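The structure under discussion appears below in the form of structure tokens.
The values are calculated or read from the model by the stated rules, or taken from the named source; none is laboratory data. What you are looking at is a predicted structure, and each value in this text was computed from that prediction instead of being measured. Here Cβ is always computed from backbone atoms with ideal geometry, including for glycine, and neighbour counts include all displayed protein chains.
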Amino acid sequence: MKGLTVEVERISQWGIEHGIVRSFDLTAVLYAARPDRDYFAVSKAGTIKVMDDGGSRFEESEQGRHRYLILNDAQKGRVLEALVMLSSQPPAKTGTWAAP
């Protein structure tokens, strides 16, 4: 997990240097909107516990309801490209959006 954290930090720093604000929310939206695109692997079930210092710890458990996303080397470029495209796409023209 430490390797993933370091990689997320490296990608986040690249984004900051290029005017992209760090956002785990955008990563979550990418997975939620396109779960079948193989952008991420998903951990086994477990529980995330928030520590007193504000950090978090994942404890694997078959009864757990939480999972975390795993980014491997082969997925990095695709994920970064998708995040940049999604966060920089111009808005739709006025009047083209329809309520569900």
Query - Pairs with Cβ under 7 Å, 6+ apart, first in region 54-81 and over 16 Å from Ala32 (Cα atoms) and touching a residue at least 24 places away in the same chain (Cβ under 8 Å), second surrounded by fewer than 15 Cβ atoms within 10 Å (Cβ to Cβ) and hydrophobic (A, V, I, L, M, F, W, C) - result: Phe58/Ile48; Asn72/Ala41
Requested in this report: Output the residue which, of all residues in region 38-58 that are farther than 18 Å from Asn72 by Cα and not in a strand (DSSP E or B), is modelled with the highest pLDDT.
Outcome: Ala45
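This table checks each residue for (1) modelled with pLDDT of 65 or more; (2) over 12 Å from the mean Cα position of the chain (by Cα); (3) assigned to a helix (DSSP H, G or I); (4) surrounded by 13 or more Cβ atoms within 10 Å (Cβ to Cβ).
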position: Thr5; (1), (2), (3), (4): no, no, yes, no
position: Arg10; (1), (2), (3), (4): no, yes, yes, no
position: Thr27; (1), (2), (3), (4): yes, no, yes, yes
position: Asp36; (1), (2), (3), (4): yes, yes, yes, no
position: Leu86; (1), (2), (3), (4): yes, yes, yes, yes
position: Ala92; (1), (2), (3), (4): yes, yes, no, no
position: Thr96; (1), (2), (3), (4): no, yes, no, no
